[in-house]
1. Is there a quick way to get the dipole size of the stretch 502-607? I mean about its Cα centre, with the Cβ of Lys and Arg at +1 and of Asp and Glu at -1; what is the value in debye to the nearest 20?
2. Report the calculated FRET efficiency for SER89 and CYS413 (r = Cβ-Cβ distance, R0 = 45 Å), to the nearest 0.05.
3. By the gyration tensor of its Cα atoms, with a ≥ b ≥ c the square roots of the eigenvalues, what is the shape of the stretch 351-502: rounded for a/c under 1.5, prolate for a/b over b/c, or oblate?
4. When you count, for each residue, the other Cβ atoms within 10 Å and take the mean per peptide, how do 98-106, 613-621 rank with the highest first?
5. So, counting K/R as plus one and D/E as minus one, what does the shell of residues with Cβ under 15 Å around THR2 add up to?
6. Under a Cβ-only charge scheme (Lys and Arg +1, Asp and Glu -1), can you give me the dipole magnitude of the stretch 1-137 about the Cα centre, in debye to the nearest 20?
7. Which order do peptides 109-122, 569-582 fall in by mean Cβ count within 10 Å, highest first?
8. In whole percent, and with a 1.4 Å probe on the protein chains, what portion of the accessible area of the stretch 169-240 is carbon and sulfur?
Amino acid sequence: MTKEDVKQKIEQLSEQLRIHNYNYYVLSETTISDYDFDMLLKELQKLEEDFPEFAVETSPTQRVGGTITKNFKTVKHKYRMLSLGNSYSKEDIEDFETRIKKLVENELEYICELKYDGVAIGITYKNGKLVQAVTRGDGVQGDDVTANVKTIRSIPLQLKGNDYPDEFEIRGEIFFPKDVFEQLNKDREEIGEDLYANPRNTASGTLKMLNSGVVAQRKLDCYLYFVMGDNLPFETHFDSILKAGEWGVKIPREKQKYIKKCKTIDEIFEFINYWDKERNNLNFEIDGVVIKVNNYARQEEIGFTAKSPKWAIAYKFKAEKVSTQLLEITYQVGRTGAITPVANLQSVLLGGTTVKRASLHNADQIEKLDIRVNDTVFVEKGGEIIPKIVGVEIAQRDIFSVPTEYITTCPECETALVRKEGDAKHFCPNEWGCPPQIKGKMQHFISRKALNIDGLGEETIDLLFENNLAKNNADLYRLTYEQLFELESFKEKKSQNIIDGLIASKQIPFERVLYGIGIRYVGETVAKKLARQFKNIDNIINASFEELIAADEIGDKIAESIIHFFSIESNVELIERLKKYELQFELSEEQLANATTKLEGLVFVVSGVFSKFSRDELKSTIEQNGGKVSSSISKKTSYIVAGENMGPSKLAKAEKLEVNIINEDQFLELL
Ligand code: IVH
């Protein structure tokens, strides 16, 4: 391929990816499989890595993030970021209209929109390219969160068409889709982290994360609602929004009823009433409706107050609150042993759904509100996903009622609960004997990055556990086809799949088995390090604290956790059983043959195309021999292994920092 060919290929791949991305994230239409999309993206990534001179800042590869921001730059807004006046009733809206009618003579047209409950953002495009994204801050200046915003798939990095202004800003609201937020919390629950209370604060926190790679995984979304610029070629707000839609921006669509032209207050109220009822069916949170005068010339006539435009107003929905009776407080044990008290309520309709339960968070919360069984309590569904109890009707309390006493033992296994200093929650310490905790461990064991057992999932693990067919990881390997087949809704294929999956998992390399057995703080990377340095499980079991911390990247906390894990007899027994089932508890012959510590302490950067290795082979060879692979050149880099076509910018950087550049033959000599 000539350089010109490469450049063309990069452009063609980028365009293809951009279109699929737009179809999926803006229009909600799927036009390519995930797999094919990833393949195209990988191809593009590889080309850009090999030819960094053709990598552009608006490339679809930017979506995966990876930039680390140490300090967010403070940026002054070109146009102040104003807020909106609030209204709560039809009278308020009528007053709004009376006020503006005094200022204009022409007939008025309004645009009604949803009021997205997210985080305001101002995005600047220059010549069609996203160049900057800034948070509201104090309205005058905000934080530059460009790297993070670039990972949001529904925000175009490059606009479509060619009739956009040379420079303009578009404002909108970044938010968590409800389903994404719920999944995020589910994932956190599984690993024992505290749950996030509401999508808005979490979106705001996410935008301020330092690693854009993490932001990319969070799947934020965005609606844009306000185009600003000098000499914009539009007469109305509505036209500007439609045009932005043509440029590829995610805007509210009339056919979804997210935006509507209105002439009268009655029409405005139809829109408000419709969404007050329907908002629970949206996959994002809204907290009201925004009403804007459509025509720019009229907006100018009406003008601004110090804080907000006089030509627009927000109508806020009332937070729904109902009262009901608290029947019982029960306690849930999470997969990590965390205890969550749950209020069981006399069922009541709230926010479009029947509510029977509400979270009580922790012991402090119960004490603070003095919540007691049989109380009449107020339940609210605000921004929070899970309804919460916001107060008690003390006047209605039974005179014989007594304060709630928090449980002291685990409701699942009766072990005495502990509460560490600084923790809001109580925990059941019976990590290896408490049913939900055991099930959690099994789920981790079968998960994709661990033993990756085909056919087994969360529900199946529950089912096997409840039916006494598997009470731990080793039990899984004695399951028979007949046992599975007898379970409800298990057919031939499903049963055979699991058996095959279990057999296949016996080939999973040692490092993943080590990760899968679930030693606290031994994540994927640590498991890899341990496997390479200790070579088999017995060496790890027998290692002293000193030997463990002497190993690369193993600190006190991890070493203590490993020692603790193997001090529990049942853990060692379990490993003995898994060994009998022939799982990999040592490095393979091949890994051993290649493994040395010759490269210990050295940091390598790999660039270009090689003839004796694939790039991945080269990287794993470095790691197997104790070296580290890094993706960017710095003062810490010991060697750059350069193949054909090493990018010129990497070369320049290497020369500047005076890093040794070696070819693959020299690398082999080093070994
Ligand atoms: S227009 C100058 N439209 O709500 C007017 N704002 O409480 C700029 N918001 O500051 C705002 N949805 O952060 C507008 N459809 C919408 C909105 C919206 C949510 C936010 C925005 C605003 C705040 C006011």
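The values are calculated or read from the model by the stated rules, or taken from the named source; none is laboratory data. Small disclaimer: the values here were computed from a predicted structure and weren't measured. Using ideal geometry, Cβ is built from the backbone for each residue, glycine included, and neighbour counts are taken over all protein chains shown. These accessible areas exclude ligands, DNA and RNA; they are computed on the full protein's heavy atoms, side chains included. Shrake-Rupley method; radii C 1.70, N 1.55, O 1.52, S 1.80 Å.
1. Values: 12 positive and 17 negative charges, 65 e Å.
Approximately 320 debye in magnitude.
2. Taking R0 as 45 Å, the efficiency between SER89 and CYS413 is 0.25.
3. Taking the square roots of the gyration eigenvalues as a ≥ b ≥ c, the stretch 351-502 is prolate.
4. Averaged packing, sorted descending, gives the order 613-621, 98-106.
5. Details: positive: LYS3, LYS7, LYS9; negative: GLU4, ASP5, GLU11, ASP50, GLU53, GLU644.
Spelling it out: positives minus negatives among the neighbours equals -3.
6. Rounded to the nearest 20 debye, it is 860 debye.
7. Ranked from most to least packed, the peptides come out as 109-122, 569-582.
8. Values: 1450 of 3260 Å².
Carbon plus sulfur share of accessible area: 44 percent.
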